[in-house]
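The next block holds one structure in the form of structure tokens; read it before the comments.
Each reported figure results from applying straightforward, stated rules to the coordinates on display, with no laboratory input. Here the structure is a predicted model, which means the values were calculated and not measured. Cβ: placed from backbone, ideal geometry, glycine included. Neighbour counts: every protein chain shown.
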Amino acid sequence: MRFWAKIIRDNHLIRDTVTERNGSESRTAKVFSALEESCAVLNLPVPIWLKTNVRDFQRVAKARFRADSFIEEISFDYLEFQVIEEDKMQDF
């Protein structure tokens, strides 16, 4: 799976990173570890998954983490985190 994390301020992309997760981990484990790695690369604290974030991610494989998802104060409007490539299913 591949994930794209973007820092957005005033409708402009400030910084971004792409993270890849392979292996036999569950989809949920891949999502959480990819978000943690993306935040480390972007030098951000890891946001808290609120109900709205979970619901959006389940529906459209994308979540926007705004100031209410962070314990620390942020200097941007939101962090967008999305799946850009799902694992491929193998035919047996």
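Along the charge dipole of the chain, which of Phe57, Asn22, Met1 sits closest to the positive end, that is, farthest toward it, with unit charges on the beta carbon of Lys, Arg, Asp and Glu (+1, +1, -1, -1)? Towards the positive end, the residue furthest out is Phe57.
Computed over every Cα-Cα pair of the chain and binned at 10 Å starting from 0, the pair-distance distribution P(r) comes out as 16, 51, 26, 6, 1 percent. What you get for the range 2-85, charging only the Cβ of Lys and Arg (+1) and of Asp and Glu (-1), is a dipole of about 360 debye around the Cα centre. Other residues with beta-carbon under 12 Å from the beta-carbon of Arg15 carry, at +1 per Lys or Arg and -1 per Asp or Glu, a net charge of 0.
Please give the net charge around Glu86, taking every other residue with its beta carbon less than 15 angstrom from that of Glu86, where Lys and Arg add +1 and Asp and Glu add -1. Local net charge: +3. Each peptide in 36-45, 10-19 gets a packing score, the mean of other Cβ atoms within 10 Å over its residues, and the list from highest to lowest is 36-45, 10-19.
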